[in-house]
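Scroll down for the structure; my scribbles are underneath it.
FYI, it's all coordinate maths here, none of it is from the lab. These numbers come from a predicted model, not from an experiment. Every residue, glycine as well, gets a Cβ built from its backbone with ideal geometry; the counts of neighbours run over all protein chains shown.
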Amino acid sequence: MLIPCPYCGPRDVGEFTYQGDANRVRPALDAPRAEWETFVYERVNTAGPHREHWQHSGGCRAHLTVVRDTLTHHVLSAEFVRPGPVAKAGS
Amino acid sequence: MKEYSAFSVLRNAFTGNRDWKPAWRKAEPKPAYDVVIVGGGGHGLATAYYLASEHGLTNVAVLEKGWLGSGNVGRNTTIVRSNYLLPANTAFYEHSMKLWEELSHELNYNVMFSQRGVLNLAHSPSQMDDYARRGNAMRHAGIDAELVSPERIARLVPGLDLSPEARFPVVGGLLQPRGGTARHDAVAWGYARGADRRGVDIIENCEVTGFLREGERVVGVATSRGEIRAAKVAVAVAGSTGQVMKLAGIENLPIESHVLQAFVSEALKPLIDTVITFGAGHLYVSQSDKGGLVFGGDIDGYNSYAQRGNLPVVEDVMSELVALFPGVARVRLLRSWGGIMDMSMDGSPIITTGPLPGMYLNSGWCYGGFKATPASGWCFAWTIARDEPHPLNAAFSLDRFRRGLVIDEKGQGATPRLH
């Protein structure tokens, strides 16, 4: 499985650390208890294209949002979690 | 159907083994049953068996999408143990161990249960302290556990690298002598035969495509072979739990599906006559009767429904095996495969009524479903028959997360990939 890091290019999955489902939205601090319970303990557990977070921990250390098909492991897209100015490699 | 016996083996040997009958009928689905069990794996079949044998419920169907036992019951590394720390787990898995010890006789089917011992290796003094605590908890619950010295380990496992130069020197271990292995396919076949002999219909190649509803209540299933109504619908589909429950409109569950790989080497002469786990990483290895080393390690660690994994975990598992047994470095790998684990939020299973009226759920087995097969079926059958959990599975409820009563053996929190 290769993940196309937008900074480093396609790299082996062994360089990345999985950080879980990216569809989960952290509730407000004063949100009702039920919302927090859902956030902490429940997952949609998608079969098919799944938005998820990975960190390129063995490379540029960028945090990425990856869309990957959980039925085939095919990576559909990878982009920075926070888009913004990115230094060029070597600068 | 006839009992298997030494006499029947002899008689069939003299008649060219042409008279053996199939171990279970090819049943056609009836329009309605008292109980429909979705999933013809180890847990579903065990549930059907105990519904019939313990609760007298024989108007039962087991629906299997593929062929019988084509999922995790045939993909695991066959290890059976009850060496847990937390009270809910120790009681449940020890019940399972006691059922294992009688299973071949109970089923009149040789499941080849071999109590060769499960040895957890420790690589630091603090890990020995941890094992002493777990061993004491086990002994307190009436389960066998022994702390063992490197000298004893050297006698138990002569091939192990116990030198001080080892990458992670072994300082001791925790042994459960009653632990061991079983022939996993035989467990599925034995339960299937036992259930079938008591009148349960086992229906293969029958995929559940939806649930029949009357208001909130589940009153049956739609399948690839027509609609089947049932007073009670029980779901025991392991890694497919999320997909099947979505058919009933349940979008969220405290479960993530992950892929776990397992491996078998080419056949070797006898090298390991126990089950060994590596304490400085995650590896469990035993040797099959055919001589292959059967082993596995961590899940790949990302959500997956693909029954195959990736190479970083393969490399990791191999390096751990070679760290323990440098002598196997040149042994060739025969096969590797993957199965889908239903990883729960606390690493413990769910055996419960609900979440909808008329429905029952058995899931969340993480790495440990195989050894639980007898107790899982036994407790799930009780839960279905009596509409309430047995004390042994009362703690494995679906609402324990909301109630703050998680059973987190590893203390990892709500991060399924780390359990």
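The trypsin sites (Lys or Arg not before Pro) of the range B:129-208 meeting both criteria, a DSSP state outside H, G, I, E and B (loop) and at most 16 other C-beta atoms within 10 angstrom of the site's C-beta, are B:Arg167, B:Arg198. Gain on full extension, evaluated as 0.36 nm per residue between B:Leu212 and B:Asp185 minus their Cα-Cα distance, stands at 6.5 nm.
Under 1.5 on a/c is rounded, so check that first for chain A, then, if it is not, pick prolate when a/b is larger than b/c and oblate when it is not; a ≥ b ≥ c are the square roots of the alpha carbon gyration tensor eigenvalues.
On the way: a/c = 2.77, a/b = 1.55, b/c = 1.79.
The shape class here is oblate.
Loop-located GluC sites (Glu not before Pro) in the range B:158-230 (DSSP state not H, G, I, E or B) with no more than 12 neighbouring Cβ atoms inside 10 Å: B:Glu165, B:Glu216. Out of the trypsin sites (Lys or Arg not before Pro) in chain A, which ones are loop residues according to DSSP with at most 13 other C-beta atoms within 10 Å? Within chain A, the qualifying trypsin sites (Lys or Arg not before Pro) (loop, at most 13 other Cβ atoms within 10 Å) are A:Arg61, A:Lys88.
Among B:328-334, B:285-291, how do they line up from the highest to the lowest mean number of other beta-carbon atoms within 10 Å?
Details: B:328-334: 12.4, B:285-291: 17.7.
Peptide ranking by packing, descending: B:285-291, B:328-334.
Which aspartates and glutamates, on any chain, are close to B:Lys98 with Cα under 13 Å apart, when same-chain ones fewer than 8 places away are left out? Within reach: B:Glu106, B:Asp144.
Computed FRET efficiency, Cβ-Cβ of A:His74 and B:Lys21, R0 45 Å: what is it to the nearest 0.05? Taking R0 as 45 Å, the efficiency between A:His74 and B:Lys21 is 0.50. Per-residue mean of foreign Cβ neighbours for A:44-53 is 5 (Cβ atoms of other chains, 10 Å radius). Remark: mean inter-chain Cβ contacts per residue of B:304-311 equal 5, using a 10 Å Cβ-Cβ cutoff to other protein chain atoms.
Comparing Cα centroids, the range A:15-34 and the range B:17-51 end up 42 angstrom apart. In terms of its C-alpha gyration tensor, the range B:35-99 comes out oblate, because a/c is 1.5 or above while a/b does not outweigh b/c. If R0 equals 45 Å, the separation of the Cβ atoms of A:Tyr7 and A:Ala31 corresponds to a calculated FRET efficiency of about 0.85. For the segment B:248-256, counting C-beta atoms of other chains within 10 Å of every residue's C-beta and taking the mean gives 4. For a paramagnetic label modelled on B:Asp408 (point 7 Å from Cα along Cα→Cβ), amide N atoms under 20 Å away belong, within the range B:249-264, to B:253-258. In this simple spin-label model, placing a label point 7 Å from the Cα along the Cα-to-Cβ direction at both B:Asp289 and B:Leu418 gives a separation of 4.1 nm.
The stretch between B:Arg330 and B:Lys2 holds 113.4 nm of extra length on full extension. This uses 0.36 nm per residue minus the Cα-Cα distance. Look at the Cα gyration tensor of the protein assembly as shown: its axes a ≥ b ≥ c give a/c of at least 1.5 with a/b at or below b/c, and that counts as oblate.
For chain A, the Cys residues with no second cysteine's beta carbon closer than 4.7 Å are A:Cys60. Given R0 = 25 Å, the distance between the Cβ atoms of B:Val322 and B:Asp130 translates into a calculated FRET efficiency of 0.50.
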